[in-house]
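The values are calculated or read from the model by the stated rules, or taken from the named source; none is laboratory data. Just so we're clear, the structure is a prediction, and the values are computed from it rather than from any experiment. Here Cβ is always computed from backbone atoms with ideal geometry, including for glycine, and neighbour counts include all displayed protein chains.
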Amino acid sequence: MNVIERRLAQAQRRERVVPASYHTIKRALDLAIGGVVVVLSLPIVAVAALGVIAVSPGSPFFLQERVGRDGRRFRMIKLRTMIVDAERYAKDVEHLNEVSGPVFKVKRDPRLHPLGALLRRTSIDELPNFYNVLRGEMAIVGPRPPLPSEVANYAPDALVRLTVKPGITCLWQISGRSNVPFDEWVELDRAYIESWSPLGDIAIIVRTIPAVIRGVGAH
């Protein structure tokens, strides 16, 4: 049992019980929608990947360790929006953080390559996340997967985010994203966890489309 798993056990969380059919339908939606998005987005991802290579030599894809349900770790895949080895300079930009809580968000991160801001604003960088959905590591709807370093600094109430499978979109995603303070972010995730249903997931997916187009808080 790792440190995160021990903290979850110590928190003595009470998991909401939902009908087994909810989980079956949720997974079916993940596979159906995820499969369609992966196929339809291939040309977009391919063009974006070539663009990344053109402006920033190195792999156009970025694998990053994230924390999933019950503290299990997995490698999340994204289109790379920063220079190669950007994580080496994390401490150099800590003072630029524009959000509260154990997370780092900044609109004009100096580590972004020339296409980075555009990929983030349009959420194109997150399209490869659907491969994680097909692999069963993520869901389409659920709390965004945190970094291990973020979870290490979570207050006990924030651990609720790890009681369900992480997702590509969520209430936070359609409520302003990085403009939402971390405490409110946790409460939005808690509200989702305590009330989610297949129909509710579909509603969030539908609301995600205009939210992505508006690009509010996407950085």
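Each row is one residue, and each column tells you yes or no for (1) assigned to a helix (DSSP H, G or I); (2) touching a strand residue (DSSP E or B) at 6+ places or on another chain (Cβ under 6 Å); (3) of a type in the set (Gly, Ala, Ser); (4) under 24 Å from Arg88 (Cβ atoms).
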site	(1), (2), (3), (4)
Thr24	yes, no, no, no
Arg27	yes, no, no, no
Asp30	yes, yes, no, no
Gly34	yes, no, yes, no
Val38	yes, no, no, no
Ile44	yes, no, no, no
Ala49	yes, no, yes, yes
Gly58	no, no, yes, yes
Gln64	no, yes, no, yes
For a quick check of your reading: which helices (runs of 4 or more DSSP H) sit entirely within the range 125-219 and have at least 2 residues that are without any contact (Cβ under 8 Å) to a residue 12 or more places away in the chain?
182-195, 198-214
Failed item, numbered, when Lys78 is tested on (1) under 17 Å from the mean Cα position of the chain (by Cα); (2) assigned to a loop (DSSP other than H, G, I, E, B):
(2)
Scanning the range 77-96 for residues that are closer than 15 Å to Arg120 by Cβ and of a type in the set (A, V, I, L, M), which turns out surrounded by the most Cβ atoms within 10 Å (Cβ to Cβ)?
Leu79
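Quick check: anything in the range 97-109 of a type in the set (A, V, I, L, M, F, W, C) and either under 23 Å from His23 (Cα atoms) or in contact with a Phe, Trp or Tyr (Cβ under 7 Å, 6 or more places away or on another chain) (or both)?
Initial filter on the range 97-109 (of a type in the set (A, V, I, L, M, F, W, C)): 99, 103-104, 106.
Among the residues that remain, those that are also either under 23 Å from His23 (Cα atoms) or in contact with a Phe, Trp or Tyr (Cβ under 7 Å, 6 or more places away or on another chain) (or both) are: 99, 103.
For the range 97-109, residues of a type in the set (A, V, I, L, M, F, W, C) and either under 23 Å from His23 (Cα atoms) or in contact with a Phe, Trp or Tyr (Cβ under 7 Å, 6 or more places away or on another chain) (or both): present.
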Out of (1) at pLDDT below 95; (2) touching a strand residue (DSSP E or B) at 6+ places or on another chain (Cβ under 8 Å), what's the single condition that is false for Asp157?
(2)
Complete set of residues in the range 108-124 that are of a type outside the set (D, E, K, R) and either surrounded by fewer than 16 Cβ atoms within 10 Å (Cβ to Cβ) or in a loop (DSSP other than H, G, I, E, B) (or both):
Pro110, His113, Pro114, Leu115, Leu118, Thr122, Ser123
